[in-house]
Amino acid sequence: MNGVQVNQGQTTRRADIQMLLATVIWGSSYLFMKSGLESMQELNLVAFRFGIAFIAAGLLFHRRLFNMDRRTLVAGAIMGTALFAAFVFITYGVQRTTTSQAGFLISLAVIFVPILTTIQHRRMPDKRLTLSILVAVTGLGLLTLQHQLSMHMGDILCILAALVYAIYIMIAGKFTPKHDPLTLGTVQLGVAAMWGIAATFMLETPRMPDTAESWAAILGLGVLCSGLGYILQTLAQRHASPTRTSLIFSLEPLFAAAFAFTFQGESLTLQGYAGAALMLVGVLITEIKLPQPIFWRRKRPVLQSELGDQGVSGV
């Protein structure tokens, strides 16, 4: 039993590291998106982003694609459609509101996931997880909200993006344990690219990036942020719950601020550093199990223990 628990702990830790690495990569996406949108429209950018990601992943995992079954194709198509929808809202929203408000509102996925999970399973998350979410979101607000929040069209689009992305996280959490994650991740990128190409030809004027900076941004979005990032997420979600995934994802604005400081010379205010610290504390709450004080401990009722030993469960 101890050996199984140790293996489970190592697997969970590896999934957390994979998800954290993906979040670090996604933190750079704001720099790439701002640069890429200078030379092309929103849907065109989404199409290029996922198209390049699919080509890169397909070259690496093409043998898995040839051996793919119909169920994996259907699951990947559902995930890819949800992913495309989320990034349409994200890309349009980022263009129409401030960066700080967009970062906060899109990261509301950390709240939407447990809310949707509660509705789906008709049960509340445990107290420790609830506390960690509240602390992380408080820090997220301190880090990103530097001015009074006002509701504009860009804000509404970012809220919708957070909701759709939360749905995507839950869909991925449902399908990834049942299918090969590398095949599933590659298929979802291809489906998102197909939707992006179709939408671009229908609603925009397709064009190629026209500067070296734009090409670098598109390649960064495609290969790193979409290709590597979502393959890592798919691998991680085989062994991590949607709520845990969304909580780690809430660190994205922290890494985005670090990239902005490194490459653009931006620095955080005292409020921003306080928010970053709270976000880290929020994640640590889920990782560190503190011993419970003796006077808080309660003995289970004898009747409950006996019923549990007899294998009786509630309706």
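The values are calculated or read from the model by the stated rules, or taken from the named source; none is laboratory data. All values reported here derive from a predicted model rather than from experimental measurement. No Cβ is skipped: glycine too gets one built from the backbone with ideal geometry, and neighbour counts run over all protein chains shown. Calculation scope for accessible area: heavy atoms of the full protein, side chains included, ligands and nucleic acids excluded. Shrake-Rupley method; radii C 1.70, N 1.55, O 1.52, S 1.80 Å.
Is it the case that Ala77 is under 20 Å from Gly229 (Cα atoms), at pLDDT 90 or above and of a type in the set (A, V, I, L, M, F, W, C)? Yes, satisfied. Residues considered: Thr91, Thr81, Thr117. Of these, the only one that is of a type in the set (Ser, Thr, Tyr) and surrounded by fewer than 18 Cβ atoms within 10 Å (Cβ to Cβ) is Thr81. For the structure I just gave you, tell me whether Gly190 is open to solvent by less than 50 Å² (accessible area, probe 1.4 Å) and either farther than 20 Å from Gly222 by Cβ or in contact with a strand residue (DSSP E or B) (Cβ under 6 Å, 6 or more places away or on another chain) (or both). So Gly190 does not fit the description; no. For region 40-58, the tally of residues that are open to solvent by 80 Å² or more (accessible area, probe 1.4 Å) and either modelled with pLDDT of 95 or more or over 30 Å from Tyr92 (Cα atoms) (or both) stands at 0. Of Ala217, Ala240, which residue is open to solvent by less than 50 Å² (accessible area, probe 1.4 Å), hydrophobic (A, V, I, L, M, F, W, C) and not in a helix (DSSP H, G or I)? Criteria check complete, one pass: Ala240. Report whether or not Leu163 is free of Cβ contacts under 8 Å to residues at least 60 places away in the same chain and open to solvent by 10 Å² or more (accessible area, probe 1.4 Å). Taking the combined requirement at face value, the residue satisfies it.
Among the residues of region 59-78, how many are under 16 Å from Ile169 (Cβ atoms) and surrounded by fewer than 23 Cβ atoms within 10 Å (Cβ to Cβ)?
Total satisfying the criteria: 2.
The conditions of being touching a Gly at 6+ places or on another chain (Cβ under 6 Å), under 19 Å from Ala217 (Cα atoms) and open to solvent by 10 Å² or more (accessible area, probe 1.4 Å) are met by Phe32.
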